[in-house]
Amino acid sequence: MSNPPPELFSPLQLPSGQILRNRIAKAAMEEGMAGQAQLPDRRLTALYRRWGAGGAGLLITGNVMVHAEALTGPGGIVLDADAPLGPFAAWAHAGKSGGAAMWMQISHPGRQVQANMPGVVWGPSDIAVDVGRHSKRFGQPIAMSVNQIHDTIDRFATTARRAEEAGFDGVEVHAAHGYLLSQFLSPLVNVRTDEWGGPLENRARLLLEVVTAIRAAVSPSFAVAVKLNSADFQRGGFDADDARKVIEMLAPRRIDLVEISGGSYESPAMTGRAADGRTAAREAYFLELASELAATSPLPLMLTGGISRRDTAEQVLANGVSMIGMGTALATTPDLPNRWRRDFEATTKLKPVNWSDKALASMASMAQVRYQMRRIAAGKNPTQRVGPGLSLLADRRQQRRALRRYSRWLKSKNDARQPIPAHR
């Protein structure tokens, strides 16, 4: 007789020994709220204090960048060797104040960098992002040198070590959604012919070396998780069988949890808009693929993507998944886990953006979510009164201001590193 599925509010003990108080995680959403010097400020501490009081067992931050010259957007947070830890300690404390564990998602965008951004645009190969008429929004990548690859591994390890020093309980390595580690995994983007390309074992090498370096840099009780695509949803790309094999490769490396998601900027399945349509309509987009992976996975799995109702969350657990992740649902109802305990559901829901231009629809969907997060950070409640068009305009205004600030900061950071010429 098979064991019954775990209860939604039962604890989960991870391989590191860390115990999460329930099976509900606030999944990573890119907040775009960096303050001066690309640091977290009072807005992020207010936002995560509100989520921390909402009843989730785990909070995972949005992208924290390991390389100051490579950001997904100008409002990105940077934790590198130079960043002061005080603002990060305040952020961690705010998230943990209600009893949740707090993990930092750490990432490198690779080629998914806007063309108007300063810094670098790197990838496993020089293949650019293709989103049709919006492709010019992204920079032309250069293929990384072996030295740049090794430097990137070191950067991930440095960020993880410093996250632990700041009081975070773990890190999640972002190897999904078309960011750098996902790019190396993809046979469509990674066409290298050296030891970092070719067969899956080589394409997975960067991810495996990153998690190995992180594990060597942090305490055994510090959680290390990986966010992985169940599939890229592109013909000939990274698929569910590849995901199964990568999970098996990760298992001996003391990974605590693998979060299953899907898609990239080119096929934005993470917003319910996969290019090939193989996601469930509206809720638990990747459940079918995740349940297949859970059947053989040696590691606990977490599923994120479109979950907003308790019965859907319980269905996910019944399919062998250990943890459910929610993003948009918690941006619109930040206390949703506590509401579920009282048999209530979400108070606010965002309408799906069904524009024919899928790339623009994906941008508008993310802009809607960021609009709600900014409201919560300002002490307000989410609202349904602002639609995708106005959200996108507001988001672009925010990004323009953030770009000016980031450009000035990066220039001053680089200027400070320039050697002072000797007097003749």
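Which ones in the stretch 45-86 are more than 26 Å from Arg341 (Cα to Cα), outside any loop (DSSP other than H, G, I, E, B) and in contact with a strand residue (DSSP E or B) (Cβ under 9 Å, 6 or more places away or on another chain)?
Val64, Met65, Ile77, Val78
Of everything in the stretch 15-36 that's open to solvent by 10 Å² or more (accessible area, probe 1.4 Å) and charged (D, E, K, R), which residue is modelled with the lowest pLDDT?
The qualifying residue modelled with the lowest pLDDT is Glu30.
Among what's in the stretch 68-86 and is surrounded by fewer than 22 Cβ atoms within 10 Å (Cβ to Cβ) and in contact (Cβ under 8 Å) with a residue 24 or more places away in the chain, pick the residue that is farthest from Ala163 (Cα to Cα).
Across the stretch 68-86, the extreme among qualifying residues is Glu69.
The values are calculated or read from the model by the stated rules, or taken from the named source; none is laboratory data. The model shown is predicted, which means the values in this text are computed figures rather than measured ones. Cβ atoms come from the backbone with ideal geometry, glycine included; neighbour counts cover every protein chain shown. These area figures cover heavy atoms from the full protein model, side chains too; ligands, DNA and RNA do not enter into them. Shrake-Rupley method; radii C 1.70, N 1.55, O 1.52, S 1.80 Å.
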